[in-house]
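Trainee: Structure in structure tokens, see below.
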Amino acid sequence: MITRRKFIGGSLAATASGLVPMAAAPGTVLAATRRPLITHGIASGDVGSAPGGAGAVIWSRADRTSRMMVEYATTDKFTNATRVEGPLAGPETDFTARIALSRLPADQHIFYRVWFEDPSDAKVAGIPVTGRLRTPPTLGRDILFAWSGDQNGGGWGINPEWGGLKIFDRLRRANPDFFIHSGDRIYADKPLKKKKKARKSDFGEYVWRNLVTPAKAKVAETLDEYRGNYKYNFLDPHYLRFNAEVPMCVQWDDHEVKNNWYPGQIIDDSRYGERRIDVLAARARRAFFEYSPIEITAAAEGRVYRGFSYGPMLDVFVIDCRSYRGPNGTNDQDRPGPATALLGGNQIAWLKRGLGASRATWKVIASDMPIGLRQGNKKHIEAWANGDDGGPLGREWEIADLLRFIKHNGIKNVVWLTAQVHIAAANHYHPDRAAFTDFDPFWEFIAGPLHTNTGKGRKKRRDGTFGLEVVYTNADGIKHPPIDGRQNFGTVAIDGRSQVMTVAFTDLAGKTLYSMNLEPER
């Protein structure tokens, strides 16, 4: 059993010293009362191919106004290291900062270290924290990446006695090249209580004991409360170490703001003093970008959707199903229009351009919502599907148009990855089973949750408009608490020679739940 004091102490130690304790950066001095310290570890993200090499974003947070610095090299001894001076981290960004690294050598392990310097005296510097990442290949080497979503939801927070966010230790040990977080990295609308009763399948009733911070004790409304939700994740040492060792590609879903939200909504919830969702979403979006190792241009534009290439075999398109949608309603309009948008016209046009221009063998669309499962109740439908097995209605017009475009432009090997519904599933879509038939067959894989209760996976949510067949699911009709150990993530392995894609699901114990191979179409 881990006591709370030991657990938090381990988290703070990981934050302060990183993977490997380092001496101060060359040419600096340490002044205990003046040196800026890293408070929430380090992270890398959006690692991809770029002109002249590869690119990556490095993130961290300091305890005071200071300048972020990064050194990187191809060895852990930092021989011939390159130093990059970053921006000032100040109160306007809650002391977070990002640095974009460019022209990194391809297909290399990159070791990096981060520290902060006093802005008036560069010789006064904090202790560096070290991390690593791997850049994309230029030729055929094997690729492995992972994805999942839904973290600290449903009142299930960090429980030190249980071992914390153990799924991130399992993920780290899988050693993926990168990880796609498919959304709900925080549950800003789900406060935590110190104790929560759970019924574990094998052992009866169990009292779950959460770590609770002020920001997690109520629904988030202010900017600082949204920031506090992200800070909460870093109390866990597994999460801290994972961030330092595995680059993350983040997207968002609904709980980063509020369950099932849409632009323009006026919420009816007595827990909130601020009822305008656009006000809440603006604060939540700012905190999301402050606490994410996200591509600099996308962050500057406030844009979650973006794409990156991970070598000649893989292009990834990260989409945003939340920010540009019309109101959640009955989703049964008989023709497309502004009210039937989910991605919206600009994002759809961007996605079509990217898919059409891609020369990668595999094109992965990282979505925060599944295609063929109805979400929400019948009067407030959340996703594309409306539960009607007939031809396209409502938001289904948007996905029908995209699928038709993919077929008519001869775009091959498009695979969808998502989370959101708290189950693992392999879904196949085929025109021979569909009401709408003008598309090529494709696969959609769902993973999760990372750390919350599982979903029931009810059959009545399935929609046959695009010929959905559930080939595999781990859903058994029961909402399992985390104590049951059914958290999971998906992995995608692409063989460097054959370019065969192997998709698998792994649970908390490291067991492979399901695996299948996809042969690339030529």
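Trainee: How large is the charge dipole for the range 34-171, taken about the Cα centre, if only the Cβ atoms of Lys, Arg (+1) and Asp, Glu (-1) carry charge, to the nearest 20 debye?
Mentor: Dipole magnitude for the range 34-171 comes out near 340 debye.
Trainee: Continuing with this model, one more query. Ignoring everything except DSSP H segments at least 4 long, calculate the 222 nm mean residue ellipticity for the chain; use -39,500 (n - 2.57) per segment, divide by total residues, nearest 500.
Mentor: For the chain, the value works out to -5000 deg cm²/dmol.
Trainee: Okay, moving on. Probe of 1.4 angstrom, ligands and nucleic acids ignored: what's the accessible area per residue over the chain, in square angstrom?
Mentor: Solvent-accessible surface per residue comes out at 39 Å².
Trainee: Continuing with this model, one more query. Just grab the label-to-label distance for Ile266 and Thr512, each label 7 Å out from Cα along the Cβ direction, in nm (one decimal).
Mentor: Between Ile266 and Thr512, the label points sit 5.5 nm apart.
Trainee: Which shape class applies to the range 389-517: rounded if a/c is under 1.5, otherwise prolate when a/b exceeds b/c and oblate if not, where a ≥ b ≥ c are the square roots of the Cα gyration tensor eigenvalues?
Mentor: In terms of gyration-tensor shape, oblate.
Trainee: Taking 2.2 N^0.38 Å as the expected size of a compact globular protein, what ratio does the Cα radius of gyration of the range 310-417 give against it, to two decimals?
Mentor: Taking the Cα Rg and dividing by 2.2 N^0.38 Å, one obtains 1.08.
Trainee: Of Gly164, Thr135, Asn260, which is farthest along the charge dipole of the range 133-262 in the positive direction, counting Lys and Arg as +1 and Asp and Glu as -1 at C-beta?
Mentor: Highest projection toward the positive end goes to Gly164.
Trainee: Something else: In nm, to one decimal, how far is the modelled label at Arg275 from the one at Ala339, with both set 7 Å along Cα→Cβ?
Mentor: Reported label-point gap for Arg275 and Ala339 is 2.2 nm.
Trainee: Considering every Cα-Cα pair within the chain, what fraction, in whole percent, is farther apart than 44 Å?
Mentor: Across the chain, Cα pairs with separations above 44 Å total 12 percent.
Trainee: Got a sec to turn the phi values of the range 447-463 into Karplus ³J(HN,Hα) couplings, 6.51 cos²θ - 1.76 cosθ + 1.60 with θ = phi - 60°, whole Hz, x for Gly and Pro?
Mentor: Taking θ as phi minus 60°, the curve returns 10, x, x, 6, 7, 6, 6, 7, x, 7, x, 5, 5, 5, 7, 6, 10 Hz for the range 447-463.
Trainee: Of all the accessible heavy-atom surface of the range 229-271, with the other protein chains kept in place and a 1.4 Å probe, what percent is carbon and sulfur?
Mentor: Whole-percent figure for carbon plus sulfur exposure: 43.
Trainee: Can you tell me the dipole magnitude for the chain around its Cα centre, using point charges on the Cβ only (Lys, Arg +1; Asp, Glu -1), in Debye to the nearest 20?
Mentor: Computed about the Cα centre, the dipole is about 1340 debye.
Trainee: Shape call for the range 185-325 from the C-alpha gyration tensor, a ≥ b ≥ c root eigenvalues: rounded (a/c under 1.5), prolate (a/b greater than b/c) or oblate?
Mentor: oblate
Trainee: Just check the range 76-167 against the gyration tensor rule for me: Cα atoms, a ≥ b ≥ c as the square roots of the eigenvalues, rounded for a/c under 1.5, and otherwise prolate or oblate depending on whether a/b exceeds b/c.
Mentor: It is oblate, given that a/c is not under 1.5 and a/b is not larger than b/c.
Trainee: Of Leu468, Thr75, Asn328, which is farthest along the charge dipole of the chain in the positive direction, counting Lys and Arg as +1 and Asp and Glu as -1 at C-beta?
Mentor: Thr75
Trainee: Out of residues 5 or more away from Cys249 or on other chains, whose amide H comes under 5 Å of its own, with H placed 1.01 Å from N in the peptide plane?
Mentor: Asp46, Phe179, Ile180, His181
Trainee: Calculate one ³J(HN,Hα) per residue across the range 271-280 by plugging θ = phi - 60° into the Karplus curve 6.51 cos²θ - 1.76 cosθ + 1.60, and present them in order as whole Hz with x for glycine and proline.
Mentor: Result, rounded to whole Hz: 6, 9, x, 9, 9, 7, 5, 5, 5, 5.
Trainee: Same structure again: Report, in debye and to the nearest 20, how large the dipole of the range 161-296 comes out about its Cα centre when Lys and Arg carry +1 and Asp and Glu carry -1 on their Cβ.
Mentor: It comes to approximately 660 debye.
Trainee: Still on this structure, please answer the following. Under a 5 Å amide H to amide H cut-off, with H placed in plane at 1.01 Å, what residues pair with Gly464 once short-range neighbours are removed?
Mentor: Those qualifying (amide H under 5 Å, at least 5 residues apart or on another chain) are Asp389.
Trainee: Next up: Quick one: if you stick a label point 7 Å off each Cα along the C-beta vector at Val212 and Arg404, how many nm between them?
Mentor: Between Val212 and Arg404, the simple spin-label model gives 5.3 nm.
Trainee: Whenever you get a sec, compute what percent of the accessible area on the range 401-522 sits on carbon and sulfur atoms (1.4 Å probe).
Mentor: Taking all protein chains in place, the range 401-522 shows 44 percent carbon and sulfur surface.
The values are calculated or read from the model by the stated rules, or taken from the named source; none is laboratory data. The structure presented is a predicted model; accordingly, all values stated were derived computationally and were not measured. In this analysis, Cβ positions are derived from the backbone assuming ideal geometry, glycine residues included, and neighbour counts consider all displayed protein chains. Protein only, heavy atoms only, side chains kept; ligands, DNA and RNA dropped before computing areas. Shrake-Rupley method; radii C 1.70, N 1.55, O 1.52, S 1.80 Å.
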